[in-house]
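The values are calculated or read from the model by the stated rules, or taken from the named source; none is laboratory data. Everything numeric in this text was worked out from a predicted model, so none of it was measured. Virtual Cβ from ideal backbone geometry, glycine too; neighbours counted across all protein chains shown.
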Amino acid sequence: MMDSSTLHSIGLVMVMAVVSYLLRAFPFIVFSGKETPKFVLYLGKVLPCAIIAMLVVYCVKDISFDAVSHFLPYIIAGAVVVLLHIWKRNTLLSIVAGTLSYMALVQFVF
Amino acid sequence: MKYKKDAKKAFVATIPVLAGYLALGFGFGVLLSTEGYGAIWALFMSITMFGGSMQYAAVGFLADGISLLSAAVMTLIINARHLFYGISLVDKYRGSGIKKIYMIHALTDETYSLVCNDNAVKDVENKHFYYFLVSLLDHCYWIAGCTLGAVFGTNVNFNSEGIDFVLTALFLTIFVEQWMSSKDHTSAVIGVVCAVLCTAVFHENMLIPTMIAILVSLTVLRFVRRDKYDG
């Protein structure tokens, strides 16, 4: 037999899982008609660029400019990613090189 | 296998997420185990909830034993951004049949960024299979990361400091890729401006205000330049 706090924890996880699923499913349910509305098609085209931009800003929003060692690794590694991608246009290469240079910078340099 | 090439492409595309999810999931597992919830809980939560920030927050909720209603409200607040992800995938996922039920469940920030990358699916034979596999692989990495983290607790020797940059690098690369492959940068610029302004005002709670600001800006843009987008 499970004790009541274990049962409550299971209940919590299930509630959080169900609400998460409903949120994810909501747009698909609302726009499930035969044809996707023109406005939604438009958003499908232009929204991703804006949202990816938002996610980039979200990732870098916690950089503090108090000390050079806090923001310089970010700027250098970020530049590695951007320049390497413009040059080679190889997604995996840009990401791996950027991450390794960031790890090296925070672990050995700063 | 029928779509062997597509499967290979899906795997290669998800490698950055593999690194990011193992690291992030591991962190979650370790955190969860410090509250006395072991691997079975990490497994349970990563399969059913599948969301980074949500699961991290849930550790606190479980420890405090908050009410079911509070848990539902907190989930609504933390995961509200998923409402916006679906909007831009309604057409892409149309006709994917039973796979869609799972693809909706597995829609995270990272999976979203991968399925939005249209350049990646240029030569893909079966797009829905590709999207499904990307979702499933990402989910598997996450489950593995969370469970391993809970199993090993804090006994790790590998110095992984800085590996979280992999997700920044992933988003940044996709941003550059989208920028280079499109002539019209209006939407990308709107995204940056809205996000920076909202971060200045709302700090760590910037996601939802930014989404709303982006949605309003893009709606206004469409009416101002109606001819351009309806053609």
Discussion item. Tell me whether the stretch B:182-201 contains one or more residues that are of a type in the set (A, V, I, L, M, F, W, C) and in contact (Cβ under 8 Å) with a residue 60 or more places away in the chain.
Written reply: no
Worksheet item: Which of the residues that make up the stretch B:4-14 are without any contact (Cβ under 8 Å) to a residue 40 or more places away in the chain and facing another protein chain (nearest Cβ under 10 Å)?
Response: B:Val12
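Within the group A:Thr6, A:Thr91, A:Thr99, A:Thr36, which residue is more than 9 Å from chain B (Cβ to nearest Cβ), among the β-branched types (Val, Ile, Thr) and free of Cβ contacts under 8 Å to residues at least 40 places away in the same chain?
So the residue among A:Thr6, A:Thr91, A:Thr99, A:Thr36 that is more than 9 Å from chain B (Cβ to nearest Cβ), among the β-branched types (Val, Ile, Thr) and free of Cβ contacts under 8 Å to residues at least 40 places away in the same chain is A:Thr6.
Condition (residue is among the small types (Gly, Ala, Ser) and either farther than 20 Å from B:Phe175 by Cβ or over 19 Å from the mean Cα position of the chain (by Cα) (or both)) applied to the stretch A:56-65: is it met by at least one residue?
yes
Conditions (1) surrounded by fewer than 19 Cβ atoms within 10 Å (Cβ to Cβ); (2) closer than 27 Å to B:Pro209 by Cβ; (3) in the same structural domain as B:Ile174 (by TED's automatic domain parsing), marked per residue:
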| site | (1), (2), (3) |
| --- | --- |
| B:Lys9 | no, no, yes |
| B:Val17 | no, yes, yes |
| B:Ser33 | no, no, yes |
| B:Gln55 | no, yes, yes |
| B:Leu69 | yes, yes, yes |
| B:Ala72 | yes, yes, yes |
| B:Ile87 | no, yes, yes |
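Conditions tested, residue by residue: (1) modelled with pLDDT under 85; (2) crowded, with 19+ Cβ neighbours inside 10 Å; (3) closer than 22 Å to B:Ala42 by Cβ.
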| residue | (1), (2), (3) |
| --- | --- |
| B:Tyr93 | no, yes, no |
| B:Glu110 | no, yes, yes |
| B:Glu125 | no, no, no |
| B:Phe129 | no, no, no |
| B:Ser135 | no, yes, yes |
| B:Trp142 | no, yes, yes |
| B:Gly153 | yes, no, yes |
Item to complete: Return the pairs, sorted by first residue and then second, in which the second residue is part of a helix (DSSP H, G or I) and of a type in the set (Asp, Glu), the first residue lies in the stretch B:15-27 and is under 16 Å from B:Leu107 (Cα atoms) and more than 9 Å from every other protein chain (Cβ to nearest Cβ), the beta carbons are less than 6 Å apart, and the residues are 6+ apart or on different chains.
Response: B:Val17/B:Glu110; B:Val17/B:Asp138
Worksheet item: Do we find a residue being β-branched (Val, Ile, Thr), assigned to a helix (DSSP H, G or I), more than 24 Å from B:Asn205 (Cβ to Cβ) and at pLDDT below 85 anywhere in the stretch B:19-38?
Response: yes
Worksheet, complete the sentence: When (1) closer than 27 Å to B:Leu197 by Cα; (2) surrounded by fewer than 23 Cβ atoms within 10 Å (Cβ to Cβ); (3) within 19 Å of the chain's Cα centre (by Cα) are applied to A:Ala50, the one that fails is (2)
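Give the residue that is farthest from the other protein chains (Cβ to nearest Cβ), with candidates limited to residues of the stretch B:39-56 that are among the small types (Gly, Ala, Ser) and part of a helix (DSSP H, G or I).
Of everything passing the filter in the stretch B:39-56, B:Ala39 is farthest from the other protein chains (Cβ to nearest Cβ).
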Discussion item. If I filter the stretch A:67-88 for residues that are more than 30 Å from B:Leu83 (Cα to Cα), at pLDDT 85 or above and part of a loop (DSSP other than H, G, I, E, B), do I get at least one hit?
Written reply: no
Item to complete: Working only within the stretch B:70-86, note down all residues that are among the aliphatic types (A, V, I, L, M), more than 7 Å from every other protein chain (Cβ to nearest Cβ) and under 15 Å from the mean Cα position of the chain (by Cα).
Response: B:Ile78
Fill in: Residue satisfying condition, being in a helix (DSSP H, G or I) and buried (at least 19 other Cβ atoms within 10 Å of the Cβ), within set A:Ser5, A:Ser20
A:Ser20
Item to complete: List the number of the failed condition for B:Val59; all other conditions in (1) buried (at least 18 other Cβ atoms within 10 Å of the Cβ); (2) modelled with pLDDT of 85 or more; (3) facing chain A (nearest Cβ under 10 Å) hold.
Response: (3)
Item to complete: Output yes when any residue across the stretch A:40-60 is more than 7 Å from every other protein chain (Cβ to nearest Cβ), farther than 22 Å from B:Leu215 by Cα and either assigned to a helix (DSSP H, G or I) or modelled with pLDDT of 90 or more (or both), and no when none is.
Response: no
